[in-house]
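Q: Below is the structure I would like to discuss, written out as structure tokens.
The values are calculated or read from the model by the stated rules, or taken from the named source; none is laboratory data. These figures come from a predicted structure and were not determined experimentally. Neighbour counts run over all protein chains shown; Cβ positions are idealised from the backbone, glycine included. The accessibility values were calculated without ligands, DNA or RNA, using every heavy atom of the protein model including side chains. Shrake-Rupley method; radii C 1.70, N 1.55, O 1.52, S 1.80 Å.
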Amino acid sequence: MPGIGLLLGCIEFDPAREVVEATLQHRPRASQGARDALNAAIANSGIALDGFRKAANAPVAILTDAVCAEMVKDQNHRLASALFGVWKESQPKLAKAVSAHLEREGVPVLGAKREYFDALQPVAECSAEVERIVEEHADAQFSTDHTKLMLCYLSGRFPYDRPAVSGFLTEWLDRLDELPADAPEWEGIPAFAEKAAELAAEKRRSRSEDLAAALSGALEEINNNFAEELGFLEAAPLADSAGVAARLDLAPEGVRVLDELHAALAAFAEVRLPASTMSEERQRAEQRITRAEDAAPLAAEWQALAANADEANAAEAATQDEPPAKAEPSAELQRLEAENAEIGAEHDRLAADKAALEEENRRLQDDIEARQHAYDKLLTEKETQSEENGQLRSDLRDLRQQATLWYTTKWQQAVEEGGEPPPIDNVADAIEGARMMFPDTMVIELNSASRPDQAYRQPQEVYDALKWLATEYHYLRTHPLGKNPEWDLRLKEACNGWTYRGKQSDTAKGMFTKEYETMVNGKTYLLDAHIGNGTRGNPQWMIRIAFAWDPELEKVIVGYVGPHQKTQAS
């Protein structure tokens, strides 16, 4: 079957280029999975652009032509598959309309991660369907070209007027089409076609052997290196690769699934075992659940793919025992037969077409049942995993509560006995410590936008900054020395590298209210001042503390701790 890379050839070059350009522009707003898949496909395509170490980071205007050439000229079907996955997300109304049309027609709507079409469709039929969709949704003013692309992509059917072949073979067909009927080259066509068929069979065997070796090697490496991880995910044993390797329509997808499963298991293996300290375990526990949830669906996807391959192979083996269909008369014989014989041949052809359609219908029914079985299995596994994840989250909350209780007790002892406070290992410890140590001068009531779990590398600095607010800043607020207390200079003397800003952007405060307000005892405070260290970028080296001053309570109201608050620029 033709690859997805040929899909842009269904429309003129300028509209095709517009589709690629619009898709690349939509990339920052695409879902994480679709965006990562497209960036990875661009990186693995070999596209090289002067001045850019990673082609995916190039401006859209520069990247568009390179992607078009890679998809159409070089037939990069993986890149095309990833690009059309993002393009579909950028056209939600059109995708919904085409999906509804296919459902009414009884045609399955296919998912993403497909590099090849599943079937062919005459151009006239495709065009007729496109016209019906455009007319039915006239108010939406769908483009005919876009509708055609979406119909072909979601249905998995490639429009054709003659056998769908690559650009290289199309050039040969065009040259043959230009030859006159009496050209001597036509005498050698039968031998040429026979040799071409032999070469095609040989290349197909070679590709099948390469894919079988890749599948076997990938599966062996996963089983050898990640046996314990598979056991934890209840995914062992993984199905054998022989059934998938026997099918060229499924083997490339199998290689992709195993490659992604290998990467997901490797990431999960890094955090599967408990950490050596409590603070590290807090972070690792969340990563352990997230990465396990990334790996488990891929293992289930492989199992379902192997099951589908086994069923398809068994169905083909059963049909081999059936007697071969009666061959139709040759074109030369049809020309020599009488009118009555021609009518009989036409009848046989129609009967054969009917039988083929019935067989295709049975195959589709078997495929639907297999997909439903795989879906039910995945749904059951998901429900089981959800229960386990819920228990893990409950255990994690218990551990956090125990840690918070222990830490609060240590601070209470330090306050009551005047001893040394416990070590400050993270931002949350610093916040809790300041809350315990300075209740008379400071109220800490963080809003929902705060990130007390931020992995800032210098949590002691956070405590020192809060201490400065509760002591020196509070003192000068209640005992003013003059009009300019030089807050920024005083803060830098107490906390090296930290800065003070007395007023936030009015635009940002209006656009992102929950970032710049907090509520204490029913009273709303505008967090118009903040202190912090670091600039936008790595959250491990950047933090902000936003606060307000309550002249009636004579207390500092701390309402936000976390990364840089949102602004119009961000």
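Q: Accessible area per residue of the chain at 1.4 Å probe, in Å²?
A: So the chain comes to 59 Å² accessible per residue, rounded to a whole number.
Q: Just by accessible area at a 1.4 angstrom probe, what is the order of Arg204, Arg291 from largest to smallest?
A: The residues order as Arg204, Arg291, largest area first.
Q: Want the number for Thr380 to Asp65: 0.36 nm per residue separation, take away the alpha-carbon distance, what's left?
A: 108.9 nm
Q: What figure in square angstrom, to the nearest 10, would you give for the accessible area of Trp541 with a 1.4 Å probe?
A: 130 Å²
Q: Using Cα positions and a limit of under 16 Å, work out the aspartates and glutamates in reach of Lys503, with same-chain residues fewer than 8 apart set aside.
A: Glu486, Asp488, Glu515, Glu517, Asp528, Asp550
Q: Can you give the accessible area of Val134 in Å² (nearest 10), computed on protein heavy atoms with a 1.4 Å probe?
A: About 40 Å², ignoring ligands and nucleic acids.
Q: By how many degrees, between 0 and 90 and to the nearest 10, does the Cα long axis of helix 13-26 differ from the longest principal axis of the chain?
A: Value to nearest ten degrees: 30.
Q: Something else: If amide H atoms are built 1.01 Å from N in the plane of the peptide, which residues on other chains or at least 5 residues away come under 5 Å of the amide H of Tyr116?
A: Under 5 Å from the amide H of Tyr116: Ile4.
Q: Quick check: with the 1.4 Å probe, what order do Ser386, Ser448 take by accessible area, largest first?
A: Ranked list, largest accessible area first: Ser448, Ser386.
Q: Taking R0 as 22 Å, what's the FRET efficiency between Glu194 and Glu316 from their Cβ-Cβ distance, rounded to 0.05?
A: 0.35
Q: In debye to the nearest 20, how big a dipole does the chain give about its Cα centre with +1 on each Lys and Arg Cβ and -1 on each Asp and Glu Cβ?
A: 3340 debye
Q: Ignoring ligands, DNA and RNA, please state the percent of accessible area on the chain from carbon and sulfur, probe 1.4 Å.
A: Percent of accessible area from carbon and sulfur atoms in the chain: 52.
Q: Using 24 Å as the Cα-Cα cut-off, could you pick out the over-long pairs in Lys509/Lys555; Lys96/Lys382; Lys54/Lys566?
A: Exceeds cut-off: Lys96/Lys382; Lys54/Lys566.
Q: A further question on this structure: Tell me the mean residue ellipticity at 222 nm calculated for the chain from its helices only (DSSP H runs of n ≥ 4, each -39500 (n - 2.57), averaged over every residue, nearest 500).
A: -20000 deg cm²/dmol
Q: Next up: Apply the a/c threshold of 1.5 to the C-alpha gyration tensor of the stretch 168-213 and tell me whether it is rounded, prolate or oblate.
A: Since a/c reaches 1.5 but b/c is at least a/b, the shape of the stretch 168-213 is classed as oblate.
Q: How tilted is helix 144-155 with respect to the longest principal axis of the chain? Cα atoms for both, answer in degrees (0 to 90, nearest 10).
A: Result, in degrees: 90.
Q: Also: Kindly state, to the nearest 0.05, the FRET efficiency for Ala269 paired with Leu392, given R0 = 22 Å and r defined as their beta-carbon distance.
A: 0.80
Q: Can you give the angle from 0 to 90° between the axis of helix 32-44 and the longest principal axis of the chain, with both taken from C-alpha atoms, to the nearest 10?
A: 60 degrees
Q: Give me the accessible area of Glu432, 1.4 Å probe, in Å² rounded to the nearest 10.
A: 40 Å²
Q: Next question, about the same structure. Specify whether the C-alpha gyration tensor of the stretch 118-243 places it in the rounded, prolate or oblate class, a ≥ b ≥ c being the square roots of the eigenvalues: rounded for a/c under 1.5, otherwise prolate if a/b is larger than b/c and oblate if not.
A: Since a/c reaches 1.5 but b/c is at least a/b, the shape of the stretch 118-243 is classed as oblate.
Q: Straight-line reach from Lys354: which lysines fall under 26 Å, measuring Cα to Cα and dropping same-chain residues less than 8 apart?
A: In chain and number order, the partners are Lys326.
Q: Sticking with this structure for a sec: Run the quick spin-label model on Arg175 and Asp14: label points 7 Å from Cα toward the beta carbon, then report their separation in nm to one decimal.
A: Between Arg175 and Asp14, the label points sit 3.2 nm apart.
Q: Specify which labelled value, from [x] 38; [y] 9; [z] 16, agrees with percent of Cα pairs over 46 Å apart derived from the coordinates of the model shown.
A: [x]
Q: Here's something else I'd like to know. Treat every Asp and Glu Cβ in the stretch 185-331 as -1 and every Lys and Arg Cβ as +1, leave all other atoms uncharged, and give the resulting dipole magnitude about the Cα centre to the nearest 20 debye.
A: My answer is approximately 280 debye.
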